[in-house]
Amino acid sequence: MTAIERFTGDAHPYGGGDPYADYRTADFPFTHHTDLADRRLGAGVVAANDEFFAQRENLLLPGRAEFDPGHFGHKGKVMDGWETRRRRGTSAEDPWPAADDHDWALIRLGAPGVVRGIVVDTAHFRGNHPAAVSVEGASVAGAPSPGELLSDDVRWTTLVPRTPVGGHAANGFAVTAERRFTHLRLKQHPDGGVARLRVYGEIVPDPAWLAALGTFDVVALENGGRVEDASDRFYS
């Protein structure tokens with residue numbers, strides 16, 4: 001497998017013009033798969049421990065993040081993404097966050113499936129992005145509450161180990177866990193802002209749900225249908 005380009009460090013401050021002119025991205029080998037975290041499939045961010053500067057629901061908005069250099073609110077610059085407040089140490093003598101300090105968000109996938117790749121997009125977070133991120137997955141039946149997802153009974157599998165990420169960049173990660181997941185937990189180490197989260201994979205519907213439906217569209221995307229190939233794709 002070809003190595004995926006990594007981005008680290010801050011991006012240059014915005015200097016005017018097209019804010020995407022210096023955006024860092026790459027061609028990822030998994031983006032042809034379905035985005036399992038697409039809100040149009042019913043995905044949602046069910047909880048986050050902190051959303052002081054920007055709300056968690058922005059993570060799954062369709063389209064790329066927007067940037068308005070003149071848009072400020074009572075908490076400062078308004079950002080299109082999920083942004084948490086800065087973590088501090090316990091005292092003036094110990095001002096820095098602990099090594100394991102982090103913020104988290106719980107994501108319900110719109111369709112359960114096998115995850116092939118994840119993009120943690122920090123567009124427009126040029127210096128206020130997290131130093132590192134990690135992503136875990138779980139498979140939980142039904143509609144669990146945030147408390148149930150955070151209970152000791154839930155088994156979380158590491159999909160993306162703690163990895164440094166860059167600001168104003170599409171940070172992509174290939175995933176090799178051959179399991180079906182229904183929920184993800186995104187962690188920011190120790191804090192910061194993420195514009196978008198994309199979770200690419202293959203839909204694996206719940207057989208019990210299909211049985212309950214009785215009659216269903218076998219080629220519907222949410223039921224696992226997909227186009228394998230076409231003889232001619234000249235226009236699209």
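The values are calculated or read from the model by the stated rules, or taken from the named source; none is laboratory data. The structure presented is a predicted model; accordingly, all values stated were derived computationally and were not measured. Glycine also receives a Cβ, built like all others from the backbone with ideal geometry; neighbour counts cover every protein chain displayed.
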The correct count of residues that are free of Cβ contacts under 8 Å to residues at least 12 places away in the same chain and either in a strand (DSSP E or B) or surrounded by 14 or more Cβ atoms within 10 Å (Cβ to Cβ) (or both) in segment 55-76 is 2
Filtering segment 189-236 down to residues that are of a type in the set (Lys, Arg) and in contact with an Asp or Glu (Cβ under 7 Å, 6 or more places away or on another chain) yields Arg196, Arg198
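From Ala230, Ala138, grab the single residue that is modelled with pLDDT under 95 and either touching a Gly at 6+ places or on another chain (Cβ under 6 Å) or of a type outside the set (Phe, Trp, Tyr) (or both). Talk me through it step by step, then tell me what you get.
Values: Ala138 fails: modelled with pLDDT under 95.
Criteria check complete, one pass: Ala230.
Every residue, every condition in (1) within 18 Å of Leu186 (Cα to Cα); (2) within 17 Å of the chain's Cα centre (by Cα); (3) at pLDDT 95 or above, yes or no:
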| residue | (1), (2), (3) |
| --- | --- |
| Ala21 | no, no, yes |
| Thr25 | no, yes, yes |
| Thr31 | no, yes, yes |
| Leu36 | yes, yes, yes |
| Gly44 | yes, yes, yes |
| Ala47 | yes, yes, yes |
| Phe52 | yes, no, no |
Exactly one of Pro19, Pro29, Pro62 is of a type outside the set (Phe, Trp, Tyr) and farther than 19 Å from Val119 by Cα, and that one is Pro19
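Looking at Phe52, is it surrounded by 11 or more Cβ atoms within 10 Å (Cβ to Cβ) and of a type in the set (Phe, Trp, Tyr)? If you could, list the steps in order and put the result at the bottom.
Details: surrounded by 11 or more Cβ atoms within 10 Å (Cβ to Cβ): yes; of a type in the set (Phe, Trp, Tyr): yes.
It is true that Phe52 is surrounded by 11 or more Cβ atoms within 10 Å (Cβ to Cβ) and of a type in the set (Phe, Trp, Tyr).
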Discussion item. Considering only segment 86-97, I want to know if a residue exists there that is over 22 Å from Ile4 (Cβ atoms), in a loop (DSSP other than H, G, I, E, B) and modelled with pLDDT of 95 or more.
Written reply: no
